[in-house]
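Chemist: What follows is a structure written as structure tokens; I'll ask about it next.
Bear in mind these aren't lab numbers, they're just calculated from the coordinates by the rules spelled out. None of these values were measured; they are calculated from a predicted model. Cβ atoms come from the backbone with ideal geometry, glycine included; neighbour counts cover every protein chain shown.
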Amino acid sequence: MPRLFTPLAVGGLQLSNRIVIAPMCQYSAEDGCTTDWHLIHLGQLALSGAALLTIEATAVLPEGRISYADVGLWDDRTESALARTLEGVRRWSDMPIAIQLAHAGRKASTDLPWLGGRQIAPDHPNGWQTVAPSAAAFQDGEIPPHALDRAGLDRVRDAFAAAAARAGRLGLDAVQIHAAHGYLLHEFLSPLSNLRDDDYGGSLENRMRFPLEVFEAVRAAFPAERPVSVRVSGTDWVEGGWDIAQTVAFAQALEARGCAAIHVSSGGLDPRQQIPVGPGYQVPLARAVKQAVGIPVVAVGLITGYDQAEAIVVTGDADLVALARTVLYDPRWPWHAAAHLGASVKAAPQYLRCQPRQFRELFEA
């Protein structure tokens with residue numbers, strides 16, 4: 001059996017293979033509520049043969065949305081909308097479903113990507129005042145965020161916990177905390193965006209303090225038998241910024257607090273980043289974390305080839321591979337990987353008769 005198609009336990013969650021679908025923003029929500037687009041989008045991915053489907057970055061507060069069209073989970077209304085979406089997906093698929101909980105920090109209040117993605121001013125109907133660790137804008141010319149005070153920190157932490165509790169009520173199988181890509185928790189971690197001089201800034205210990213408090217609050221609010229993982233940026237790709245050594249220290253601190261897995265991405269914090277983009281360019285970051293912790297590690301980023309994905313898990317660089325744009329382009333990528341590698345994969349009974357003649361053992365009975 002190819003390693004890519006062997007099972008793995010992540011905390012108390014049993015995964016049927018090593019392919020997970022990463023959270024991918026769709027910018028198609030209405031006032032934080034999921035829509036029919038999400039039912040279509042998540043529904044097709046839930047039939048892909050992957051082991052886990054992760055719902056896109058879901059804001060824990062309205063001002064934590066990247067854009068006005070982001071999904072949220074901050075009140076009964078947004079929870080009810082997501083419940084309807086999940087009901088439709090689960091009617092036809094038993095794939096485990098996770099949710100990524102997020103706060104966009106200073107990168108919030110932007111327009112839709114296909115409309116340019118620029119910051120929207122607070123006095124615009126689709127905009128609001130952003131918050132961050134420090135009053136430093138993401139890009140020159142943008143309206144600076146407000147630095148969070150003690151009450152603001154408590155509000156954000158408690159909102160993460162409340163969203164985790166809602167996720168538990170919805171029966172979601174796992175929670176992922178977004179601490180990557182230049183959003184709020186990453187902003188606390190990086191010395192490029194965290195300019196505080198209190199207990200939450202300065203030293204690595206201080207910069208990790210608030211993200212760790214958020215993790216502890218989420219872990220306490222989500223059912224203990226279900227896993228909580230964290231997505232991190234392994235480096236800012238900017239000199240003097242967050243780097244892999246600090247990522248390893250953060251991962252070890254998370255593991256000590258009960259984190260079930262670390263998902264290693266990179267970048268997104270500073271426009272000066274110089275990213276050496278290429279196939280598997282982030283895998284070395286995952287490898288460094290994997291060598292330092294005992295919990296599963298997820299690699300992501302330009303993983304497109306079947307043999308490439310198999311090699312990542314066979315060599316031990318990571319325990320799982322995450323697909324994002326790859327699986328948008330090819331929602332049956334896990335089927336095609338199984339056919340190529342000589343493995344079997346689960347398919348809905350409605351699709352069994354499409355099994356190619358040359359792959360007679362492809363679909364599990």
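Chemist: For a quick protection proxy, order the peptides 171-182, 127-138 by their average other-Cβ count within 10 Å, most packed first.
Modeler: 171-182, 127-138
Chemist: Run the dipole for region 175-277 about the Cα centre, Lys and Arg Cβ at +1, Asp and Glu Cβ at -1, nothing else charged, and hand back the magnitude in debye, nearest 20.
Modeler: Its charge dipole is roughly 300 debye.
Chemist: In whole angstrom, note down how far apart the Cα centers of region 193-232 and region 166-187 are.
Modeler: Each part reduced to its Cα centre gives a spacing of 12 Å.
Chemist: Then there's this: Restrict the search to region 205-306; then list the GluC sites (Glu not before Pro) that DSSP places in a loop and that have at most 14 other Cβ atoms within 10 Å of their Cβ.
Modeler: Listed in order of number, the matching sites are Glu225, Glu239.
Chemist: Taking the alpha-carbon centroid of each part, what is the distance from region 131-154 to region 26-105 in angstrom?
Modeler: Measuring centre to centre over Cα atoms gives 26 Å.
Chemist: I've got another one for you. Which FRET efficiency value, to the nearest 0.05, do you get for Leu204 and Cys354 by plugging their Cβ-Cβ distance into 1/(1 + (r/R0)^6) with R0 = 45 Å?
Modeler: Result of the calculation: an efficiency of 0.30.
Chemist: I've got another one for you. If I stretch the segment between Thr304 and Asp140 completely, what's the gain in nm (0.36 nm per residue apart, minus their alpha carbon distance), one decimal?
Modeler: Stretched fully, the Thr304-Asp140 segment lengthens by 55.6 nm.
Chemist: Modelled label-to-label distance, Gln273 and Ala256, 7 Å Cα→beta-carbon offset: nm?
Modeler: About 2.8 nm separates the two model spin labels.
Chemist: When the chain is treated as a GNM, springs tying every alpha-carbon pair under 10 Å, which of Ala288, Ala220, Ala59 comes out with the largest mean-square fluctuation?
Modeler: Taking springs between Cα atoms under 10 Å, the residue moving most is Ala220.
Chemist: Report, by chain and number, residues whose modeled amide H sits under 5 Å from the one on Leu15, excluding near sequence neighbours (fewer than 5 apart, same chain).
Modeler: Amide H neighbours of Leu15: Leu8, Ala9, Val10.
Chemist: Would you mind putting 337-348, 256-267 in packing order, based on average other-beta-carbon counts within 10 Å, highest first?
Modeler: Those peptides, ordered most packed to least, come out 256-267, 337-348.
Chemist: Could you give the dipole magnitude of region 256-365 about its Cα centre, charging the beta-carbon of Lys and Arg +1 and that of Asp and Glu -1, in debye to the nearest 20?
Modeler: The dipole of region 256-365 has a size of about 200 debye.
Chemist: Send over the semi-axes of the chain's equivalent ellipsoid, whole angstrom and largest first, taken as the square roots of 5 times the C-alpha gyration tensor eigenvalues.
Modeler: Three semi-axes, in Å: 33, 23, 19.
Chemist: How big is the charge dipole of region 223-268 about its Cα centre, in debye rounded to the nearest 20, if each Lys and Arg gets +1 on its Cβ and each Asp and Glu gets -1 on its Cβ?
Modeler: The calculated dipole for region 223-268 is roughly 220 debye.
Chemist: For the chain, what is the relative contact order in percent, using Cα pairs closer than 8 Å and at least 6 residues apart in sequence?
Modeler: 16
Chemist: Rounded to two decimals, what is the ratio between the C-alpha radius of gyration of region 1-142 and 2.2 N^0.38 Å?
Modeler: Region 1-142 yields a ratio of 1.19.
Chemist: Continuing with the same structure: Of the options Trp37, Met24, Ala9, report the single residue whose Cα projects farthest towards the positive end of the charge dipole of region 1-97 (beta-carbon charges: Lys, Arg +1; Asp, Glu -1).
Modeler: The listed residue farthest towards the positive side: Ala9.
Chemist: Please report, in cubic angstrom per residue, the volume enclosed by the convex hull of the alpha-carbon atoms of region 210-365.
Modeler: Once divided by residue count, the hull of region 210-365 is 148 Å³.
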